[in-house]
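The values are calculated or read from the model by the stated rules, or taken from the named source; none is laboratory data. Quick caveat: nothing in here was measured; it's all calculated off a predicted structure. Don't worry about glycine lacking a Cβ; one is built from the backbone with ideal geometry, like all the others, and counts go over all protein chains shown. For accessibility, only protein heavy atoms count, side chains too; no ligands or nucleic acids. Shrake-Rupley method; radii C 1.70, N 1.55, O 1.52, S 1.80 Å.
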Amino acid sequence: MAEDRSYSPSREFVEHANVKGMEGYRALYKRALEQPAEFWGELADKELFWFEKWSKAFEWNPPFVKWFVGGKTNVSYNCIDRHLATHRKNKVAILWEGEPGDQRMITYQELYRLVARFANVLKSRGLKIGDRAVIYMPMIPELPVAMLACARLGIIHSVVFGGFSAEALKARIQDLEAQVVITADGGWRRGKEVKLKPAVDEALPECPTVRDVIVYRRTGSPLEMKAGRDLWWHELDETAAETCDAVPLDSEAPLYVLYTSGTTGKPKGIVHTTGGYLLQATMTMKWVFDLHDEDTYWCTADIGWVTGHSYIVYGPLSAGATTVMYEGAPDCPQPDRFWRLIEKYRVNILYTSPTAIRSFVRQGDQWPNAHDLSSLRLLGSVGEPINPAAWEWYHKTIGKERCPIVDTWWQTETGAIMISPIPGAVPAKPGSATLPLPGILPEVVDLNGKPVEPNCEGLLVIQRPWPSMLRTIWRDPQRYEDQYWRRIPGNYLTGDAARRDADGYLWVLGRVDDVMNISGHRLSTMELESALVRHPAVAEAAVVGKPHEITGQAMVCFVTLKEGKWDTEQLAQDLRLWVAHEIGSFAKPEQIRFSEALPKTRSGKIMRRLLREIVTSNTVVGDVTTLEDLSVVTRLSAQTDDE
Ligand code: PRX
């Protein structure tokens, strides 16, 4: 039924849009398909500043690609300096509100000063091109300032989401062999201080490459500063000069490494580079968000995830937008905080997640209805499939049936939005990310790489390299090749299943690998299982996702215990905290289920498929503390699973 429904933008929206009507979309798509080098080359010249012009738009030696070969540019320069000679110099670049209600409006001019000063701080600490900075900060303006200061000097940054634990932070610092950690005392979330510096202290004794820790004071709570290692941001910044030239960098110089979960226990450091990444981040702001100079644009993601990198920081600033940043929780002090912010700042474009939308649905319409949301003209969704009911609610209650919705499909690896309606052009169907953006060639294939018939389910692959594509996995090109390019040779394997309907619309169905998507956060079952078996009581563990009304999926852990007398009620609680300690508080399991044995195939593989069925249909009932006997189902299913 949902598929029959389609929503076209209003005439007013189309008239004002950057890309107008299906003809506008088709013309762009056709040009990019037929002449990719010219298409992207012209955009690179028009949309970005280059210190030195590139010689070739792209060079594809599968599975490795280079974009704008030989060109020299700088992301920080493109995001700041080039706007200073225009009407934008005193335009608000970052419009920030802290959870307690404090505000900062940072103009492009002011952003330049903050970034230049902090870049001078980094320089004074001896950091240089190619060095690595781990950034572990709350959602305060100094987080993008730190990123842009690194980008200015060619220092590769890696932002670690503030919800990750000391253990997770340590693993990332070690893998990157970072020289510096930039952090803060803490940030505000639901009225409480979330401390960050103590996790850095816990991580660092086993991170010998780190020379300096730079600490920004946000909450002002007392903390220990280790002499010879820890430095206050404000002390270093006080004497720093207010100008700092951006370093001309190779178009392929790494900009950042962002860790994401894969199918093994070890997170992958996804490497993004400079010219191609910035071009696609910039273009998607104009195509997908239909950005106009007068817009106030708000992406509610955390900068710790790729959405925040591309659509709070780099895309919007490069496109000269006013980008809103909010520090805290959506329901603090009340469930109407988002609507309050939209009303207060007259936000025009809102980009959020299906999980957030579903929790707003649950809280009730009285919260948005109490606010004037008439400034909104476009809504976006990202991170997980959006169910048609949530889409319809977003459309009616928030968009007042006036605002197009862009359901944007992409991944940490893709760097920028890949499949999404262009709002003034492509009619939306609730639940579908619709059509690919110009230059993107998705296909739905079977296990042999053969395209499947319309409406049939298959693997979603991308058939051509695109500018903001990941270049490799940090120091592991083999894993990069194996993971993304080997399964269907010549094609990038997304790890998602999809189907294409008779109109060519793509419906992304979810992951087909051992990756869960909980509240739009990507979690690897293997990583969680290895965390669980590190606990002294645990012999074996299997983690599966269970459908969940709000968060899309919820985590259920099946655990077998070592010999001993265990208080399972207490232990279930301990194990939830243990996972939070090993990975992060956002990864706390919803359920721990103890079992005498895990169902296995005759060759000894844990049958996650069966466990998924159990948690979905509850064929085996049990509360968290009872011991489940899975041997019967195991015996029943072992035979078919081995075949
Ligand atoms: O399964 C897809 C889902 O999120 C995965 C990527 O997660 P991550 O790298 O953390 O990046 C999230 C933000 C870009 C995808 O493989 N996903 C993302 N957007 C959508 C989606 N699934 C369906 N519809 C979407 N719009």
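See the values below:
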{"item": "Within the range 376-410, considering residues that are out of contact with any Gly (no Cβ under 8 Å at 6 or more places or on another chain) and near the ligand (Cβ under 9 Å from one of its atoms), the one farthest from G495 (Cα to Cα)", "result": "S381"}
{"item": "Residue match in the range 321-332 (condition: more than 13 Å from the ligand (Cβ to nearest atom) and more than 29 Å from E110 (Cβ to Cβ))", "result": "yes"}
{"item": "Of all residues making up the range 581-616, the number that are of a type in the set (A, V, I, L, M, F, W, C), touching a residue at least 40 places away in the same chain (Cβ under 8 Å) and within 14 Å of T525 (Cα to Cα)", "result": "4"}
{"item": "Residue within the range 252-264 that is assigned to a strand (DSSP E or B) and away from the ligand (no atom under 16 Å from the Cβ) present", "result": "yes"}
{"item": "Meets criteria (open to solvent by 10 Å² or more (accessible area, probe 1.4 Å), more than 16 Å from the ligand (Cβ to nearest atom) and of a type in the set (D, E, K, R)) for K429", "result": "no"}
{"item": "Residue ranges of strands (runs of 3 or more DSSP E) in the range 136-220 with at least 2 members open to solvent by less than 10 Å² (accessible area, probe 1.4 Å)", "result": "156-159, 180-184, 186-189, 212-216"}
{"item": "Matching residues in the range 26-49 - criterion: being open to solvent by 70 Å² or more (accessible area, probe 1.4 Å), of a type outside the set (K, R) and in a helix (DSSP H, G or I)", "result": "E34, E38, E42, D45"}
{"item": "Conditions (1) within 27 Å of W40 (Cβ to Cβ); (2) within 13 Å of the ligand (Cβ to nearest atom); (3) in contact with a helix residue (DSSP H, G or I) (Cβ under 7 Å, 6 or more places away or on another chain): number failed by A498", "result": "(3)"}
{"item": "Enumeration of residues in the range 463-482 that are over 21 Å from L255 (Cβ atoms) and crowded, with 16+ Cβ neighbours inside 10 Å", "result": "R464"}
{"item": "Residue within the range 290-310 that is open to solvent by less than 10 Å² (accessible area, probe 1.4 Å), within 18 Å of G154 (Cα to Cα) and at pLDDT 95 or above present", "result": "yes"}
{"item": "Which listed residue is within 11 Å of the ligand (Cβ to nearest atom), at pLDDT 95 or above and in a loop (DSSP other than H, G, I, E, B), from I422, I417, I440", "result": "I417"}
{"item": "Yes/no for Q478 being free of Cβ contacts under 8 Å to residues at least 60 places away in the same chain, polar (S, T, N, Q), more than 27 Å from H548 (Cα to Cα) and in contact with a strand residue (DSSP E or B) (Cβ under 7 Å, 6 or more places away or on another chain)", "result": "no"}
{"item": "Single unsatisfied condition, S261 versus (1) crowded, with 20+ Cβ neighbours inside 10 Å; (2) of a type outside the set (F, W, Y); (3) modelled with pLDDT of 95 or more", "result": "(3)"}
{"item": "Every pair of residues 6+ apart whose Cβ atoms lie under 6 Å, when the first sits in the range 156-174 and is touching a residue at least 60 places away in the same chain (Cβ under 8 Å) while the second is open to solvent by 10 Å² or more (accessible area, probe 1.4 Å) and part of a strand (DSSP E or B)", "result": "I156/R132; I156/P254; R172/Y259"}
{"item": "Filter result for N90 (surrounded by 20 or more Cβ atoms within 10 Å (Cβ to Cβ) and of a type in the set (S, T, N, Q))", "result": "no"}
{"item": "Residue match in the range 460-470 (condition: touching a helix residue (DSSP H, G or I) at 6+ places or on another chain (Cβ under 9 Å) and either without any contact (Cβ under 8 Å) to a residue 40 or more places away in the chain or among the charged types (D, E, K, R) (or both))", "result": "yes"}
{"item": "In the range 552-573, the residues that are open to solvent by 60 Å² or more (accessible area, probe 1.4 Å) and part of a helix (DSSP H, G or I)", "result": "E569, Q570, Q573"}
{"item": "Qualifying residue in the range 445-452 (condition: outside any loop (DSSP other than H, G, I, E, B), closer than 24 Å to E384 by Cβ, of a type outside the set (F, W, Y) and within 15 Å of the ligand (Cβ to nearest atom))", "result": "no"}
{"item": "Close pairs (8 angstrom Cβ cut-off, 6 or more residues apart or separate chains): at pLDDT 95 or above in the range 108-121, among the polar types (S, T, N, Q) and surrounded by fewer than 23 Cβ atoms within 10 Å (Cβ to Cβ) anywhere", "result": "Y108/N90; Q109/N90; A116/T243"}
